[in-house]
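Q: The following block contains the structure, expressed as structure tokens.
Readers should treat all values here as calculations from the given coordinates under stated rules, not as data from a laboratory. On a predicted model such as this, the values are computed, not experimentally measured, just so you know. Methodologically, a virtual Cβ is constructed for each residue, glycine included, from the backbone with ideal geometry; neighbour enumeration extends over all protein chains shown.
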């Protein structure tokens, strides 16, 4: 007789349930039958294992693919912030340039709103959009850089120092984006000169103005750069730091439809823009006074502030209501346009 020795334990559900591991076989027919059953069971087990492995691999691939898709949505890195920031600025400038010109005249000459409007009426429609090319170049690029470089700097800082607090990342990225924006100071400088009526007969157009400043050296293009850096850094920190919380507060009062989203984006940008422009208004007045000069001494911030105070006293705040009104409309348009362009161009 032959005794089958098996180390595995067989349950009643097993193909071997007719035979115990300690069963004895009296003839070769039983032995042959047992051998056939063993082979069939081995094939069945191998097939089941292959199926489980295959299913496991399929699940793994599916999960991995989903994670990659989610990661690509979060870390797209395709420069969409630059494109949408540029487009939002172009839309805004086309709508608000006349209002900006009224504010500029009030900053420069200390006029009230009615007198500034009367000046523009007397000059006619021919000169209403005079000087729009520099802000179209400067502001569109500046807004593109503001949104795009803030995103890029934020990614870089998180990559370099993953443990860095989120508020510190935001502040550093916003400041660096503001410094990068300041490279476009020459456009802002030319815009200041082109909008001042004292230079209407001196500079024929933007390119003529650029050429005329060249004889004074490259430093002339960056007159007022310190105030530009101060304004850009502080403004960006306030904008990116408060943008999210203010939007969330407005979303509580709007619905989930598309126009509710546009409304909350517009209102959050409008409120934030009006607040920031009001806080930074004195800085812009000082900057305008420095940049309206051509040639000569580069005045310090302290001396510029002292001269304006002696000349105007509290009239330094003339135009502040036009300023926050313009900023309210301007940054409402920019914020709503930016978010809208992100959805329209990159909804997929």
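Q: Once fully extended, how much extra length lies between residue 166 and residue 99, figured as 0.36 nm per residue of separation less the alpha-carbon to alpha-carbon distance? It would help to have the intermediate numbers written out before the result.
A: Details: separation 67, 0.36 × 67 = 24.12 nm, distance 3.69 nm.
Result: 20.4 nm gained on full extension.
Q: Another question, then. From the Cα gyration tensor of the range 182-280, with a ≥ b ≥ c the square roots of its eigenvalues, which class applies: rounded if a/c is under 1.5, or else prolate if a/b is larger than b/c, or else oblate? Mind dumping the intermediate values first?
A: Numbers: a/c = 3.83, a/b = 2.42, b/c = 1.58.
Verdict is prolate for the range 182-280.
Q: By count of other Cβ within 10 Å, fewest leading, how are 256, 118, 196 ordered? Mind dumping the intermediate values first?
A: Details: 256 7, 118 12, 196 19.
Least to most surrounded, the residues fall as 256, 118, 196.
Q: Here's something else I'd like to know. Whole Å is fine, so just give me how far the alpha carbon centre of the range 190-222 lies from that of the range 97-155.
A: That distance is 16 Å.
Q: Can you tell me the FRET efficiency between residue 243 and residue 311 if r is taken as the Cβ-Cβ distance and R0 is 25 Å, rounded to the nearest 0.05?
A: In this case the efficiency is close to 0.10.
Q: Assuming a ≥ b ≥ c are the square roots of the Cα gyration tensor eigenvalues, decide whether the range 79-346 counts as rounded (a/c under 1.5), prolate (otherwise, with a/b larger than b/c) or oblate.
A: Details: a/c = 1.72, a/b = 1.43, b/c = 1.20.
Prolate, because a/c is 1.5 or more and a/b exceeds b/c.
Q: So, one more: Using 0.36 nm per residue of separation minus the Cα-Cα distance, give me the extension gain between residue 112 and residue 183 in nm, one decimal.
A: Working: separation 71, 0.36 × 71 = 25.56 nm, distance 3.25 nm.
Extra length from residue 112 to residue 183 when fully extended: 22.3 nm.
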